Each structure stands twice: as structure tokens, then as C-alpha cells.
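Below: one structure, written as C-alpha cells.
The values are calculated or read from the model by the stated rules, or taken from the named source; none is laboratory data. What you see is a predicted model, and the numbers here were worked out from it, not measured in a lab. Here the Cβ is made from the backbone with ideal geometry for all residues, glycine too, and neighbour counts use every protein chain on show. Quick note on the areas: whole protein, heavy atoms, side chains included, nothing else; ligands and nucleic acids left out. Shrake-Rupley method; radii C 1.70, N 1.55, O 1.52, S 1.80 Å.
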Amino acid sequence: MTMRTDYCGSLRASDIGREVTVCGWVDTRRVHSEHLAFIDLRDHTGIVQCVVDEKLDLRSEYVVAITGVVRERFEGKGNDKLATGDIEIGEASVELLARAEPPPFPMHERTDVDETIRLRHRYIDLRKSRMQRNLRTRARVNSAIRGAMERQGFVEIETPMLIASTPEGARDFVVPSRLHPGEFYALPQSPQLFKQLCMVGGIDRYYQIARCLRDEDLRADRQFEFMQLDMEASFVTQDDVLAFVSEAIKDAVEAITGERPADIATMTWREAMERFGSDKPDVRFGMELVEMSDIFAGTEANVFKVDCVKGILHRGGAESLGRNAIDALTDKCKRWGAKGLAWFRVGEGGVLDGALTKFMSGAELAAVPERLGAEQGDMVLMIAADRRTVNHVLGLLRLELGRPPVNEGGFHFLWVSEFPLFEAVGDNGRPVPAHHPFTMPHPDDMDKLDAASGEEYLDIRSQAYDLVLNGWELGSGSVRIHRPEIQSKIFELLGIGVDEAQLKFGFLLDAFRFGAPPHAGFAFGIDRLAALLAGEENIREVIAFPKTQSGTDPLTNAPTAIDPAHLEELGLRLLPPSV
Ligand code: ASP
């Protein structure tokens, strides 16, 4: 038995006549006369009106238990905005459990409150229905994911927090060691190396809802610490991994929306770049990038005498985009790396109108609107440059013009496969890895590892894949290298010498010498998934105790200075603060 018989938000007409006790916080109170007051009592399930027939000194946010009899509200006094609006608790007596100071910000939902104040008093903010809903959404996501992984034979294993560095490529948070002064643990950027060791250890299918820490600048979709569904499996292919993770995602979405999403489509990285100009395409809307290089192959127009010309069609844009808007878009395209933006209004009969038409041939003027399916009133926007720049700039322009708000258009998941193995070539001619260095090259590109040089490295594909939701990267994974000769080859290409490899990942390489199964895995961010499922743009809205954008916690004041004696014990001495 608890102190209550019912939750505030659960009472209905069917409870009329029952004596109940509800507990919670005073949401509002209206005093009618010296002896008659209405109290709206709130708990995490909602609000119920209580009519109290005694003299009381109650204020907002006081904590009380109220006992009374559920009765119908008087004719015309119902409140259809409240789930409990047909009833009230009458003849109520109140037991005061705790007094409360006035809350530092209004409790009513619609007021915008400065984030620092919200976070300083997060425990009060958490009482609001938005945070209650979001945190419970998140808990249901976690629970659905656990269920799905366990049903598929995955074992939950906890990996350590105090470790040596991991190879995710961000900055580590470090923890000084008292027993080994001058030495530091790193906090895990991910459980990557441990989950691979679990595979060598015969665990076969591992998962963990893992806390990961990366010392990177914070953004709306990034915190220092975040949670991932992390998984790894042995004797599986890429397709198996995608199927395992898809199952968890579908269960999570179904748990929140009640609907099971369709099978998640897969698109190669190359196709994503060509059609959407992004490796995390938002496929909720079209406006795809359309190839036009062939149209301009023999052009006389200097702007189009380049490697690549592509365009997008903005339906109705001839009217909606005025001159100022186009100038602003042109400036953005320049900032994103293009020389300019070629734009045309589409007139009657598909005739193009724009400053560049005088340099174009009749065939070009006819082919462009035809290729795009343009109609009168549309706007054609084109970029001419090298292929990378064209895709990059048009991809951003597409988002700028077409992206729906975060909570519109449903949930469009997409697998993006065959990511490039390398993302750049350094000044020293060495390729820079796109994922961590244990990512298996694509089987069809294996022989290019020896043959490639310079920019050719960028064409080598890997067996790495991402999961994307509505244009947000939810997570990444790959088939891993489990054969030492391929691993040595990759280290050699990356310029990681034998000693350095041994120093950084020696324990993993050693483990691989004792019989490593082929294995592959994945990790996706639970904060992002929960935020999108809750219709929130900022992941802080689905985290109980997040940090501010500047990485502080106004509630506990972290980070804080530590005691000089503690520093001494750790063998640390601070430099004077730099100004
Ligand atoms: N450890 C990787 C990450 O956190 C995911 C993976 O490859 O499994 O991005």
C-alpha cells in the first residue's frame, strides 16, 4: 500500500462515489470564500480538481495528500481540457506534507523560461508535463530496445568507464590517477575496443546501453556525455547487423507511436551524395539534385564550362523567392564553396528567365526545364563547379529551401552504406580514415589499397554504414577487420607505425592473434532518437540533467575547482589561468 489510492490524472466518471486519496503538488488554488477553495492537484499523470471545505493556507507547489469522494462536476462546470474534467474530488480533507517556496519560474507550460534558470532548478522543471512526457518516452525507447536486443540473443555487458584512450577521433575526457601520479585514465568515447574484445571472448552477441563521453563543443544535438545502443556480433555480415538494429528501431518507434515503421531502405553513400548532396539525407521531401552536366557538355557559357552542373527545382519558387531572398541564397552558396548560384524563373510554356539565359543555347534552354519537370511559376537553381562542391552546396540549398520542421512528415529512417574508407588525403599524401581504423574495406575495393595514390584513396569504399532519421545521423557501424594482415596494411597506409599501433591498440591486436571471429557492429544515439520521437529539436529536452551549451551544469555548478590538497594527492599543479 502506498500513501495514495489513485493518481490524479487517472480519475474518471467511472470512479464517482469512491473515496480516494491522491498525492502531489498544488498546481493552482482558487479561494472562493473563507471556507471554500478549489485546488488543482498535480502529479505526473495529470491534474484533478479538489473542493476543500476548510480554512487552509496552501500555496502553489505545496506537497499534499488529499482525501475525498469522487463526484460529478456541476452542470456546465466541466473542463474538457482536462482528462479528469468531468469529475472532482469533493468533501476533501488535506494533509500538508511539505511547504514550498514560490517556484523561480512560472509552472505553466507556455511561458518561455531562460534555460540556465530552468537547469538550475531542473527538479522543478521536471515536474512539467513536457519533461515528464519526454523522460517517459525515453524510458520506453530504452525498454523497447533492450527487449528487441534480448529477443535476438544479445547479452548485456557493462564495459569499464576508466580506460585507456579509444579510437573514435574526438578529444578524451581524462581522469588523473591517485595511485599512479602523473598518469590518467580516459573516459570511454565508446565501448568500441571492449566490444571487439568480447567477440574474441566468444560472447557472440553483445549489447549495452552505453554512456559515451567526448570532449567536443556542444550543440543542439550534442552533449559531452550521451547514450548509445552499442552492439557487436560475431559470424555475421553487414546485412545481419542492419537487420538486428532495424528490429530494435522498429520496436522503439512502435512503442512510442503505436505504429510499426516500414522496412528501412538502404542507399549507398555515393547515391546519397548524388541525389541529396548529403551523407545523411533528409528523405521526408523530394527536391532531389538533378544531373545536367551532359546538357552543358559542349556549352559556350563560361559559368557552365566546369566538371559538373546540377540543379534543383523549387516548386512555386518563382513567386515565393523575391530578389532579396535570392541574393541571400547566393551569398550562402558562396559561403558554402560555390562561385555563385545560377537561378531561373520558369515562365509560360517552361521558358526560362534569368540573367544567364543570354549565354545559353536554345537546346540548353529547352533541356534544363524538361529535365527537371519544371512548370510555370517554379524556380530552377543550379550550381556549376567540381562534383564535390556541386553536391555539397546543392545539398545545403535543398535543406534550406525544403526542410520541414522537426515534428512534421513522420519518421523516415534510412541506411546509408558503402561509406568511403578515407575522408581526405593529408598534406603528406596519406589518407585520413573516415571511421575508426578497424573498419573493413569493401571486398571489391580491396586491391585498390595497394594501387591507389592521392585523390584515388577517396574512391575506396568501406563496409561502414550509418543510420539516418529525417536528416539526422543516428549512428554508425562497420564490419571490422579481424585479419592481422589487412589491419597492418591499413595502419601502414594511415602512417600508424608498428610501435604506435602497439602502444594505442596493442591489447586488441594481441587479442586478435589468439583467434578473432569475423565480427561487425553498430551504435546509435539514444538521445537523438528519443528527441525525434518526442518531437523535440534539442536533445537537452530528453535528458534529465543536461549541461548547458557552454558545458556547465547550473544545478550542481560543475565543473568546479578542487581542493589544493586533492590536487597534491593527484600529483597535479595548476598553471595560472590564461587570460
Ligand atoms: N563505436 C562506433 C561509434 O561510436 C560505432 C561502431 O562502429 O560500432 O561511432
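Here are the numbers:
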read-out	value
Check on R398, surrounded by fewer than 16 Cβ atoms within 10 Å (Cβ to Cβ) and outside any loop (DSSP other than H, G, I, E, B)	no
Among residues of segment 103-134, those that are in a helix (DSSP H, G or I) and either surrounded by fewer than 18 Cβ atoms within 10 Å (Cβ to Cβ) or more than 20 Å from the chain's Cα centre (by Cα) (or both), counted	14
Sole exception among (1) open to solvent by 40 Å² or more (accessible area, probe 1.4 Å); (2) without any contact (Cβ under 8 Å) to a residue 24 or more places away in the chain; (3) not polar (S, T, N, Q) for R71, by number	(2)
Tally of residues being within 16 Å of the ligand (Cβ to nearest atom) and open to solvent by less than 10 Å² (accessible area, probe 1.4 Å) across segment 506-522	5
Unmet requirement for L469, which otherwise passes all of (1) closer than 30 Å to G402 by Cβ; (2) buried (at least 22 other Cβ atoms within 10 Å of the Cβ); (3) within 14 Å of the ligand (Cβ to nearest atom)	(3)
Selection status of E485, open to solvent by 50 Å² or more (accessible area, probe 1.4 Å) and within 16 Å of the ligand (Cβ to nearest atom)	no
Selection within segment 1-43 - assigned to a strand (DSSP E or B) and open to solvent by 90 Å² or more (accessible area, probe 1.4 Å)	E19, R29, R30, V31, H32
Unique match (being over 30 Å from I481 (Cβ atoms), part of a loop (DSSP other than H, G, I, E, B) and over 19 Å from the mean Cα position of the chain (by Cα)) among P559, P546	P559
Residues of segment 158-190 satisfying the condition of being within 14 Å of the ligand (Cβ to nearest atom) and either under 24 Å from I249 (Cβ atoms) or of a type in the set (K, R) (or both)	T159, E168, P188, Q189, S190
Residues that are assigned to a loop (DSSP other than H, G, I, E, B) and either open to solvent by less than 60 Å² (accessible area, probe 1.4 Å) or acidic (D, E) (or both), drawn from segment 164-179	S165, T166, P167, E168, A170, D172, F173, S177
Residue that is surrounded by the fewest Cβ atoms within 10 Å (Cβ to Cβ), among those in segment 83-102 that are in contact with a strand residue (DSSP E or B) (Cβ under 9 Å, 6 or more places away or on another chain) and assigned to a loop (DSSP other than H, G, I, E, B)	R99
Given (1) under 19 Å from L126 (Cβ atoms); (2) loosely packed, with under 15 Cβ neighbours inside 10 Å, number of the condition E61 does not satisfy	(2)
Some residue of segment 549-557 being touching a residue at least 40 places away in the same chain (Cβ under 8 Å) and in contact with a strand residue (DSSP E or B) (Cβ under 7 Å, 6 or more places away or on another chain)	no
Among (1) within 16 Å of the ligand (Cβ to nearest atom); (2) under 25 Å from G551 (Cα atoms); (3) touching a residue at least 40 places away in the same chain (Cβ under 8 Å) - the single one R122 does not satisfy	(1)
Which listed residue, of A233, A255, A272, A243, is assigned to a helix (DSSP H, G or I) and open to solvent by less than 20 Å² (accessible area, probe 1.4 Å)	A272
Verdict on F344 being among the aromatic types (F, W, Y) and either more than 38 Å from the chain's Cα centre (by Cα) or surrounded by fewer than 21 Cβ atoms within 10 Å (Cβ to Cβ) (or both)	no
Complete set of residues in segment 275-308 that are open to solvent by less than 20 Å² (accessible area, probe 1.4 Å), of a type outside the set (S, T, Y) and in contact with a helix residue (DSSP H, G or I) (Cβ under 7 Å, 6 or more places away or on another chain)	F276, G277, P281, D282, L289, M292, F296, A301, C308
Residue in segment 334-341 that is modelled with pLDDT of 95 or more, part of a helix (DSSP H, G or I) and open to solvent by 60 Å² or more (accessible area, probe 1.4 Å) present	yes
Exclusive hit being touching a residue at least 12 places away in the same chain (Cβ under 8 Å) and either among the β-branched types (V, I, T) or farther than 27 Å from W472 by Cβ (or both), set D215, D204	D204
Strands (runs of 3 or more DSSP E) wholly inside segment 429-542 containing at least 2 residues that are closer than 27 Å to R284 by Cα and within 16 Å of the chain's Cα centre (by Cα)	464-469, 472-479, 519-525
Complete set of residues in segment 199-217 that are crowded, with 21+ Cβ neighbours inside 10 Å and part of a helix (DSSP H, G or I)	M199
Sole residue being among the small types (G, A, S), open to solvent by less than 50 Å² (accessible area, probe 1.4 Å) and within 16 Å of the ligand (Cβ to nearest atom), chosen from A424, A452, A434	A434
Every pair of residues 6+ apart whose Cβ atoms lie under 9 Å, when the first sits in segment 169-196 and is more than 24 Å from P433 (Cβ to Cβ) while the second is among the β-branched types (V, I, T) and more than 16 Å from the ligand (Cβ to nearest atom)	F184/V174; F184/V175; Y185/V174; Y185/V175
